[in-house]
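Novice: Shown below is the structure under consideration.
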Amino acid sequence: MGNSEFIPVCEPLLDGNEEKYVVQALRNGWISSSGAFVSEFEERFAAYCGRRFGLTTTSGTTSLHLALLAAGVTSGHEVILPDFTMVSTLFAVLYCGARPVFVDVDEDTWNLNPADIEKKITRRTKVILPAHIFGHPAEMTSILDVAKQHGLAVVEDAAQAHGALYEGQKCGGMGEIGCFSFFANKLITTGEGGMLVTDDEELYDRARYYRNLCFDLNAPRDYQHRDLGYNFRFTNLQAAVGLGQLESIDRYLGMRRATAHRYNEALRDVPGVRVPIEQPGCKSAYWMYAITIAPAVFGMTRDTLMAELKEKGIDSRMLFKPMHSQPVLQARGLADPKPYPVTERLAETGLYLPTSTSLRAEQVAYICEMVGSLGKGR
């Protein structure tokens, strides 16, 4: 295999009933936020996560925003979140007018480090917001214990963790609310879109209220709005795609895990490459296959490796930059000058390799051959 075939970092796989369901929605004329596919997708995805209620939204970001609103987060509150995450996690906190409080991540899993949470709790803390990074579950037992001791809600950012398991429980199914993304690179996709899931009917109703412009849930519409609402509604066309995807979710999960295992076997002995781990009791969804590079051992920096792979027809992405020093926070006087060494090291040395669900074994072999040949161990 040569570099004539470009391997993107991720492509969606749509090989089920997606087209059939979309055509059905079009022919029935139900294309907006009302329609049978919306409620069916919500119910079936919530059940998949072991939850009573599901609420579709326009994106994973808006699902987080609604979850925090439903949990009562507003100005004057603080939300604890990992320093290493997608910026959507941070933005949801800022949208509510709350202050983000960062915790460095675990050296092995790259998730919120439970040992550092308690020292960040103040009388203003309202929510702990762990993210299951790259599909590996956060250490939820400790996080939930700390939250319970201090009377805090837990909102799980499970945008990257569809189907991932922690001690037999689905990610997104352990905190008060779990939030998901259905962006095109996620395990299942609706193009854009998201969902929050919960067992708490009161939280579910609050999220529904804010999602639909704060129309009263229990009275005829009088077009008087007592709170600031949002239009975060999801369409029946998106739900039709989502339902087709959901029917294949376990198969897709198996395919991504098989890809990760192929990468592990081929890369674990390459000098200077650190492959991801899977903690006992956890089943990672491997949203993306992420590695770190030790330049002195590997023989080149992460950025040089990415450029070399691009030349060979292999796409890749650098990992997230630290949240605590984001320019958006500096402009608001909310940046944190303290060091977050694990996050900072990941941002400097980490990248993820192609992880499409449909990635073929020979493509993985080619990618690993190129990574190995570029290092000192060649």
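The values are calculated or read from the model by the stated rules, or taken from the named source; none is laboratory data. Computed from a predicted structure; not experimentally measured. Don't worry about glycine lacking a Cβ; one is built from the backbone with ideal geometry, like all the others, and counts go over all protein chains shown.
Novice: Which condition number in (1) in a loop (DSSP other than H, G, I, E, B); (2) closer than 21 Å to Gly194 by Cβ; (3) not assigned by TED's automatic domain parsing to the domain that holds Glu40; (4) not hydroxyl-bearing (Ser, Thr, Tyr) is the one that Arg233 fails?
Specialist: (3) is the only condition that Arg233 fails.
Novice: Now a separate question. Free of Cβ contacts under 8 Å to residues at least 24 places away in the same chain, touching a strand residue (DSSP E or B) at 6+ places or on another chain (Cβ under 8 Å) and either farther than 16 Å from Thr85 by Cα or not hydroxyl-bearing (Ser, Thr, Tyr) (or both), is that true of Asp116?
Specialist: Yes; evaluated as a whole, the condition is true for this residue.
Novice: Among the numbered criteria (1) over 30 Å from Thr235 (Cβ atoms); (2) part of a loop (DSSP other than H, G, I, E, B), which one does Gly97 miss?
Specialist: (1)
Novice: Within region 260-301, count every residue that is under 24 Å from Ile249 (Cβ atoms) and polar (S, T, N, Q).
Specialist: Number satisfying all stated conditions: 3.
Novice: Go through region 199-252 and give me each residue that's at positive phi and touching an Asp or Glu at 6+ places or on another chain (Cβ under 7 Å).
Specialist: If the condition is that a residue be at positive phi and touching an Asp or Glu at 6+ places or on another chain (Cβ under 7 Å), then Cys214 is the only one that fits.
Novice: Looking at region 256-270, can you tell me whether even one residue there is touching a strand residue (DSSP E or B) at 6+ places or on another chain (Cβ under 6 Å), assigned to a strand (DSSP E or B), farther than 30 Å from Thr190 by Cβ and not acidic (Asp, Glu)?
Specialist: Checking region 256-270: not a single residue is touching a strand residue (DSSP E or B) at 6+ places or on another chain (Cβ under 6 Å), assigned to a strand (DSSP E or B), farther than 30 Å from Thr190 by Cβ and not acidic (Asp, Glu).
Novice: Let me ask something else about it. Please enumerate the residues belonging to region 348-372 that are in contact (Cβ under 8 Å) with a residue 12 or more places away in the chain, under 26 Å from Ile188 (Cα atoms) and surrounded by fewer than 18 Cβ atoms within 10 Å (Cβ to Cβ).
Specialist: Passing the criteria: Ser358, Ala361, Glu362, Ala365.
Novice: Inspect all residues belonging to region 269-282 and state whether any of them is surrounded by fewer than 20 Cβ atoms within 10 Å (Cβ to Cβ), modelled with pLDDT under 95 and hydrophobic (A, V, I, L, M, F, W, C).
Specialist: The answer is no, given that none of the residues of region 269-282 is surrounded by fewer than 20 Cβ atoms within 10 Å (Cβ to Cβ), modelled with pLDDT under 95 and hydrophobic (A, V, I, L, M, F, W, C).
Novice: If I ask for residues that are under 14 Å from Lys186 (Cα atoms) and not in a helix (DSSP H, G or I), which ones from region 242-255 would you list?
Specialist: Ser248
Novice: Another question, then. Say we look at region 45-72 and pick out the residues that are aliphatic (A, V, I, L, M) and more than 25 Å from Ser248 (Cβ to Cβ); which of these is surrounded by the fewest Cβ atoms within 10 Å (Cβ to Cβ)? It would help to see each step written out before you state the result.
Specialist: Just the residues of region 45-72 that are aliphatic (A, V, I, L, M), to begin with: 46-47, 55, 64, 66-71.
When the remaining residues are screened for being more than 25 Å from Ser248 (Cβ to Cβ), the result is 64, 66-71.
Details: Leu64: 33, Leu66: 28, Ala67: 31, Leu68: 26, Leu69: 23, Ala70: 26, Ala71: 26.
Within region 45-72, the match that is surrounded by the fewest Cβ atoms within 10 Å (Cβ to Cβ) is Leu69.
Novice: Follow-up question, since we're still on this one. Within region 127-155, track down each residue that is within 16 Å of Ala67 (Cα to Cα) and of a type in the set (A, V, I, L, M, F, W, C).
Specialist: Of everything in region 127-155, those that are within 16 Å of Ala67 (Cα to Cα) and of a type in the set (A, V, I, L, M, F, W, C) turn out to be Val127, Ile128, Leu129, Ala131, Leu152, Ala153, Val154, Val155.
Novice: Looking at Thr235 and the list (1) surrounded by fewer than 20 Cβ atoms within 10 Å (Cβ to Cβ); (2) polar (S, T, N, Q); (3) under 30 Å from Ala36 (Cβ atoms), which single condition is not satisfied?
Specialist: Just one mismatch for Thr235, condition (1).
Novice: Hey, another quick one. Can you find a residue in region 86-94 that is in contact (Cβ under 8 Å) with a residue 60 or more places away in the chain and over 16 Å from Ser181 (Cβ atoms)?
Specialist: Checking region 86-94: at least one residue is in contact (Cβ under 8 Å) with a residue 60 or more places away in the chain and over 16 Å from Ser181 (Cβ atoms).
Novice: If you don't mind, another one. Within the group Ala153, Ala158, Ala98, which residue is closer than 18 Å to Glu176 by Cβ, of a type in the set (Gly, Ala, Ser), crowded, with 24+ Cβ neighbours inside 10 Å and in contact (Cβ under 8 Å) with a residue 24 or more places away in the chain?
Specialist: Just a single option satisfies the conditions, and that option is Ala158.
Novice: Okay, next question. Would you tally the residues in region 257-299 being closer than 25 Å to Glu362 by Cβ and either within 18 Å of the chain's Cα centre (by Cα) or of a type outside the set (Phe, Trp, Tyr) (or both)?
Specialist: Number of matching residues: 29.
Novice: Taking region 92-112 as the region of interest, how many residues are within 20 Å of Gly194 (Cβ to Cβ) and among the aromatic types (Phe, Trp, Tyr)?
Specialist: Number of matching residues: 1.
Novice: Can I ask one more? Among the listed residues Ser39, Ser75, Ser88, which satisfies the condition of being in a loop (DSSP other than H, G, I, E, B) and surrounded by fewer than 23 Cβ atoms within 10 Å (Cβ to Cβ)?
Specialist: None of the other options fit; the residue is Ser75.
Yes/no matrix, rows are residues, columns are (1) touching a strand residue (DSSP E or B) at 6+ places or on another chain (Cβ under 8 Å); (2) over 23 Å from Tyr48 (Cβ atoms); (3) at pLDDT below 95:
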position	(1), (2), (3)
Ile188	no, no, no
Glu192	yes, no, no
Glu202	no, no, no
Tyr209	no, yes, no
Asn218	no, yes, yes
Leu237	no, no, no
Leu243	no, no, no
Arg251	no, no, no
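Novice: Do we have any residue at all in region 34-48 that's touching a Ser or Thr at 6+ places or on another chain (Cβ under 7 Å) and over 30 Å from Leu112 (Cβ atoms)?
Specialist: Looking through region 34-48, at least one residue is touching a Ser or Thr at 6+ places or on another chain (Cβ under 7 Å) and over 30 Å from Leu112 (Cβ atoms).
Novice: Residue check: is Val342 of a type outside the set (Gly, Ala, Ser), assigned to a helix (DSSP H, G or I), surrounded by fewer than 21 Cβ atoms within 10 Å (Cβ to Cβ) and in contact with a strand residue (DSSP E or B) (Cβ under 8 Å, 6 or more places away or on another chain)?
Specialist: Against the criterion (of a type outside the set (Gly, Ala, Ser), assigned to a helix (DSSP H, G or I), surrounded by fewer than 21 Cβ atoms within 10 Å (Cβ to Cβ) and in contact with a strand residue (DSSP E or B) (Cβ under 8 Å, 6 or more places away or on another chain)), Val342 qualifies.
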